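What follows is one structure encoded as structure tokens, with my remarks underneath.
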Amino acid sequence: MSNLTKNFFIGLSNNRILNENAKKWGFRLGADKFVAGTNMESVADTVKELNKQGICCTLDHLGEFVTEKKEALEAKDECIHILEKIHEDSLDCHLSVKLTQLGLDIDQSFCMENMKEILAVADRYDLFINIDMEDYSHYQQTLDVLKQLREEYKNVGTVIQSYLFRTQEDLEELKDVRLRLVKGAYKESADVAYQDKRDIDKNFLNIAKQRLLGDAFTSIATHDHMIISELKDFIKENNVSKDKFEFQMLYGFRNDMQFGLAEEGYNFCTYIPFGTDWFGYFMRRLAERPQNMNLVLKDTFYT
Ligand code: FAD
């Protein structure tokens with residue numbers, strides 16, 4: 001896709017007014033293909049169905065542009081509600097969170113307190129919390145918060161993005177941390193990030209191989225069959241134990257591959273976003289893959 005199209009959708013994802021209005025529209029433009037539902041109760045059924053097929057899940061209660069403490073506290077309460085439901089229903093599932101949703105842009109120590117409350121509940125139920133990585137302006141703060149949280153809790157990890165130059169350097173400090181490896185979903189400048197897909201893919205493969213030979217657990221999060229195929233060969237050649245990693249994909253993407261990898265005996269985890277705040281997430285997915293526009297057109301003109 002041209003950079004122009006990508007920038008257009010990333011621009012829309014950052015538009016506060018559209019994000020705010022979309023909450024009132026309900027799912028539109030085909031978003032229901034990628035966003036599993038509006039509340040935890042309905043999403044629990046989706047998780048149960050996937051669990052039956054040997055797939056574990058990570059839930060993301062969507063939320064963007066949190067600028068008021070009240071909204072951050074509501075998001076924290078929702079996270080706790082999700083953890084309680086996971087525990088009650090014995091779901092094979094963990095939780096992914098975004099620090100900005102929990103108040104990072106308001107006050108870092110307030111965000112930290114919210115995270116600690118969530119982690120205390122997760123710890124009680126033996127559940128893992130993954131901190132999603134957002135754009136580069138939040139990168140260092142995210143690593144700082146993670147470091148402090150890990151002084152008290154070990155059931156927390158984060159995400160590394162192979163488009164960033166500095167990921168390789170940060171890996172050493174993160175070598176004991178459970179991580180998700182992704183390419184990176186935001187528009188970053190050429191000062192901090194590779195712009196060419198070949199460089200991003202090469203770095204992804206290097207980091208994945210390094211992690212697979214290390215000790216900590218890694219979630220390999222990509223829909224890229226070329227990368228998955230090369231890593232499967234690497235895993236076989238190096239006798240990497242299947243307990244040390246999983247493949248992850250987003251809900252609604254490449255379902256055949258998701259079920260196929262689980263059937264082949266790999267640990268597989270589906271990332272399931274839900275909630276009414278779907279617009280920014282959906283626009284980032286359109287930025288990544290123009291073919292998703294077909295869904296938008298179908299939904300707009302044929303329903
Ligand atoms: P791409 O580079 O988009 O695609 C590579 C190739 O794979 C394509 O050319 C095509 O041949 C094939 N392909 C890809 N998708 C499809 C499809 N649907 N159907 C058919 N073929 C396809 N980003 C962040 O910045 N922070 C996060 O915390 C984060 N968490 C994520 C969690 C998960 C589980 C996943 C899967 C992604 C996450 N991302 C996150 C997004 C990620 O950074 C990428 O933007 C996104 O995954 C697109 O890159 P890709 O590796 O999937 O493949």
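No lab work stands behind these numbers, since they all come straight from the coordinates. All figures in this text were calculated on a predicted structure; none of them were measured in a lab. As a convention, Cβ positions derive from the backbone with ideal geometry for all residues, glycine included, and neighbour counts pool all protein chains shown.
Couple of notes before you dig in:
- Segment 36-277 - charge dipole about Cα centre, Lys and Arg +1 at Cβ, Asp and Glu -1, debye rounded to 20: 680
- Debye log10 I(q)/I(0) at q = 0.14 Å⁻¹ for segment 22-160, Cα point scatterers: -0.66
- Paramagnetic reach from GLN168 in segment 188-220 [backbone N under 18 Å; point 7 Å along Cα→Cβ]: 190-214
- Here the contact order of segment 51-128, divided by its residue count and restricted to Cα pairs under 8 Å and six or more residues apart, works out to 38 percent.
- Sorting TYR136, TYR251 by the number of Cβ atoms found within 10 Å of their own Cβ, with the fewest placed first, yields TYR136, TYR251.
- In sequence order, calculated HN-Hα J values of segment 194-201 (Karplus, 6.51, -1.76, 1.60; Hz; x Gly/Pro): 4, 9, 8, 3, 5, 5, 5, 5
- Based on Cα contacts under 8 Å between residues 6+ apart, the chain shows a relative contact order of 29 percent.
- Just so you know, the Cα atoms of segment 163-298 work out to an Rg and Dmax of 15.7, 46 Å.
- Cα gyration tensor of segment 96-226 - equivalent ellipsoid semi-axes, whole Å, descending: 25, 18, 12
- Given charges at Cβ of Lys, Arg, Asp, Glu: the chain dipole, positive-most of CYS269, SER13, LEU212: SER13
- Helical contribution to [θ] at 222 nm, DSSP H n ≥ 4, -39,500 (n - 2.57), averaged over the chain, rounded to 500: -15500 deg cm²/dmol
- Neighbour-count order for TYR163, TYR125, TYR266, fewest beta carbons within 10 angstrom listed first: TYR125, TYR266, TYR163
- Note on LYS6: lysines with a C-alpha under 16 Å away, same-chain residues under 8 apart excluded, are LYS183, LYS187, LYS197.
- Bridgeable lysines around LYS236 (alpha carbons under 18 Å apart, same-chain partners fewer than 8 residues away excluded): LYS209, LYS244.
- Mean silhouette area of segment 31-112, derived from the convex hull of its C-alpha atoms and averaged over all directions, reads 5.6 nm².
- Segment 154-212: C-alpha pair distances exceeding 15 Å, %: 45
- Counted by neighbouring Cβ atoms within 10 Å, the residues HIS138, HIS225, HIS94 run from fewest to most as HIS225, HIS138, HIS94.
- Charge-dipole axis of the chain as Lys and Arg at +1 and Asp and Glu at -1 on Cβ define it, positive-most pick from PHE282, ASN39, ASN238: PHE282
- Computing FRET efficiency as 1/(1 + (r/R0)^6) for ASP77 and ASP176, where r is the C-beta to C-beta distance and R0 is 30 Å, gives about 0.45.
- When restricted to Cα atoms, the chain yields an Rg and a Dmax of 18.4, 53 Å, respectively.
- Longest DSSP-loop-exposure-free segment, GluC sites (Glu not before Pro), the chain, at most 11 other Cβ within 10 Å: 69-263
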